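Heads up, the thing below is written out as structure tokens.
The values are calculated or read from the model by the stated rules, or taken from the named source; none is laboratory data. These numbers were taken from a predicted model, which means no experiment stands behind them. Methodologically, a virtual Cβ is constructed for each residue, glycine included, from the backbone with ideal geometry; neighbour enumeration extends over all protein chains shown.
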Amino acid sequence: MSDARWAVPDDVIWVDAEGATFVLDTRVRDPRPQRLDGGGILIWDLLTARPRTIDELVDEIAAATGAPESEIRGGTAPFLERMAHLGYVERR
């Protein structure tokens, strides 16, 4: 797997409310909040603590949830790519 670390840019803000996390990119003129839930919240919480590789994310989520690593890996990369496309995370 890649050694690229994924991180939350400094211009992205978030709030936890009603069992979900809402993220907002303050760099855009009319930002629209993105709602995260389920596994997205787990990934987000880890990334807001410090940048991580996909392997680190998978290992830590598997340890926390007991879910199979193959299942976690299958959802993690697409989630990160989508969030990067929206500007909420970046590769470093």
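Taking first residues from region 27-47 that are closer than 14 Å to ALA62 by Cα and partners that are charged (D, E, K, R) and in a helix (DSSP H, G or I), the Cβ contacts under 9 Å between residues at least 6 apart in sequence or on separate chains come to LEU42/GLU60; LEU46/GLU56; LEU46/GLU60. In this entry, ASP16 passes the filter for residues that are assigned to a strand (DSSP E or B), more than 10 Å from the chain's Cα centre (by Cα) and farther than 23 Å from GLU71 by Cβ. In region 1-13, the qualifying residues are those that are closer than 27 Å to GLU69 by Cβ, outside any strand (DSSP E or B) and not polar (S, T, N, Q), and the one that is modelled with the lowest pLDDT is MET1. Of the residues contained in region 53-70, none is found to be touching a strand residue (DSSP E or B) at 6+ places or on another chain (Cβ under 8 Å) and part of a strand (DSSP E or B).
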